[in-house]
Amino acid sequence: MQVEYLFETPLIFTEVPNHAELNRGLRAAIDERRAADPKGVAISNRLGWHSDTEMLEWAGDPAHRLMDTVIDIANRYTQDIAGKGRRRFMWVPEMWANISGKGASNQLHSHAGSFWSAVYYVEDGYAGSTDRSLGGELEIEDPRTPMINMEAPDLRFRAARDAPAASHETLIRPAAGRLLMFPGWLRHAVKPYFGERERVSIAMNLTAMRVPFTVLEQYPHLPGPPPRD
Amino acid sequence: MTSAAAQPRIAPLFATAVLTGSWPGSGQWNSVLFDRIMEHRAKHPGVSLSNVHGWQSETDMLEWGGEAAQALCDHVLAQCDEYSVDVREQDRRRFVWLPEMWANVNERGASNQTHCHPGAQWAAVYYVVDGYKGSDDTELGGEISFLDPRFPMLRMREPDLRYRRPDDSYDDHEAWIRPKTGQLLMFPAWMLHGVRPYHGDGVRISIAINISSRPRWEE
């Protein structure tokens, strides 16, 4: 039989070019902020430091460059199906930083209200090690969980005899310079991280805001998905 | 573009698989199945479940469908084996399949409301005759329609904003398949599906099978 795949959830990933230099700028801004606001905020983070969500206000040019990249990618992979060739939406961006020491993790959560969510790794903390016992993977949960496993938890779909069984989670091991994007509703977590060095990551949300046609025509530089016929 | 040098890649995660194919036994058995189902319909009022207008038999077709129904069932169970894996034990068979089969006869105007098959692992549908009489006119309707299991969550914030794929198609929360005589479809039993109103002149006959799994000790 043929296997047709319906209703996939996209995970977009890329390496940001020239990220070594970008990361030095981001790291400096984040360290300075942590020194000024050592408590940060407590949301999904366990143990780690989580900045406020105003990083675009306090991290300057490196943060804006990173957000430009995220917006470019969001524009490529978003379509307004009813705009009839005119722009109707603008992105409202939000950014924050996370620093995770040994033992830190993030509980399973989603970014309700956001259309795209992104995470960027300034420093993966692994110091070049490929040892999986260092943990710290981003875990993405199948949005169909637990329905797909209710009838018989051990029986799973496989596309062929030699294909792997379908899994209800995907683990992604971070790497410095890597950018990941996914729908804001998709639930994700960070497994406990056991590296010796601090892990530094940046999280971003793009919320879509409906704006009158005339506003986006008057101010074409406002970020948002391009018109499609 | 800041990211000019970075060509993003996409991992399409957590897709729901629909198996499509044809039953190799269709040439041998379709006319037998047609006669047997029409004969059974003449004597039985049928049931009213997701069917709107059409006739639907009780789920006991394996008792009255004869050798042809058994051959279809055997083929479907072989596909269940092919496309399922016990992730805990591969050397010993821990599960048995429990099939349940019924027939549907749809004439002009018939449809099936959106429904799913709780308690089953796989759902299968086989088309004894599509009723289109060779026409490819989509006005005849009768497509099977699958609903995205993430719906309506993924449309709650901005229904018109969609994920645009690398091939420039975009995310839709329904997928339709136009049936063909001899075609077999299989999909997870939890997936919501329905049949769009059918407007053909010919009789449409399909056979549905629910396949549940049970631990082998119940055998």
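The values are calculated or read from the model by the stated rules, or taken from the named source; none is laboratory data. On a predicted model such as this, the values are computed, not experimentally measured, just so you know. Reconstructed Cβ throughout: ideal geometry from the backbone, glycine too, with neighbour counts over all protein chains shown.
Quick rundown of the values:
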item: Matching residues, region A:58-116, being in contact with a Pro (Cβ under 6 Å, 6 or more places away or on another chain), closer than 16 Å to A:SER201 by Cβ and within 12 Å of another protein chain (Cβ to nearest Cβ); result: A:MET67
item: Only listed residue being surrounded by fewer than 16 Cβ atoms within 10 Å (Cβ to Cβ), within 20 Å of the chain's Cα centre (by Cα) and not in a strand (DSSP E or B), chosen from B:ASP168, B:ASP172, B:ASP201, B:ASP136; result: B:ASP172
item: Qualifying residue in region A:45-55 (condition: in a helix (DSSP H, G or I), away from chain B (no Cβ under 14 Å), modelled with pLDDT of 95 or more and farther than 20 Å from A:TRP116 by Cβ); result: no
item: Hits in region B:168-204 - residues which are more than 21 Å from A:PHE157 (Cα to Cα) and either in contact with a helix residue (DSSP H, G or I) (Cβ under 6 Å, 6 or more places away or on another chain) or basic (Lys, Arg) (or both); result: B:ARG178, B:LYS180, B:GLY182, B:ARG196, B:HIS199, B:GLY200, B:ARG204
item: Residue in region B:93-108 that is charged (D, E, K, R), surrounded by fewer than 17 Cβ atoms within 10 Å (Cβ to Cβ), away from chain A (no Cβ under 14 Å) and over 22 Å from the mean Cα position of the chain (by Cα) present; result: no
item: Output for region B:80-90, where each listed residue is among the charged types (D, E, K, R) and more than 17 Å from B:TRP217 (Cβ to Cβ); result: B:ASP81, B:GLU82
item: Selected residue (criterion: surrounded by the most Cβ atoms within 10 Å (Cβ to Cβ)) from residues of region A:195-223 that are among the hydroxyl-bearing types (Ser, Thr, Tyr) and part of a strand (DSSP E or B); result: A:SER201
item: Test result for A:GLY184, under 20 Å from A:ALA20 (Cα atoms) and within 12 Å of chain B (Cβ to nearest Cβ); result: no
item: Matching residues in region A:9-25 - criterion: being away from every other protein chain (no Cβ under 14 Å) and in contact with a strand residue (DSSP E or B) (Cβ under 7 Å, 6 or more places away or on another chain); result: A:ASN23
item: Residues (out of contact with any helix residue (DSSP H, G or I) (no Cβ under 7 Å at 6 or more places or on another chain), closer than 21 Å to B:ILE177 by Cβ and in a helix (DSSP H, G or I)) located in region B:20-59; result: B:SER26, B:ASN30
item: Conditions (1) in contact with an Asp or Glu (Cβ under 6 Å, 6 or more places away or on another chain); (2) within 8 Å of chain B (Cβ to nearest Cβ); (3) within 22 Å of B:PRO12 (Cα to Cα): number failed by A:GLU139; result: (2)
item: Matching option when the condition is of a type in the set (D, E, K, R) and more than 7 Å from chain A (Cβ to nearest Cβ), among B:ARG162, B:ARG178; result: B:ARG178
item: Which numbered condition A:PHE7 misses (of (1) buried (at least 20 other Cβ atoms within 10 Å of the Cβ); (2) under 30 Å from B:MET191 (Cα atoms); (3) modelled with pLDDT under 95); result: (3)
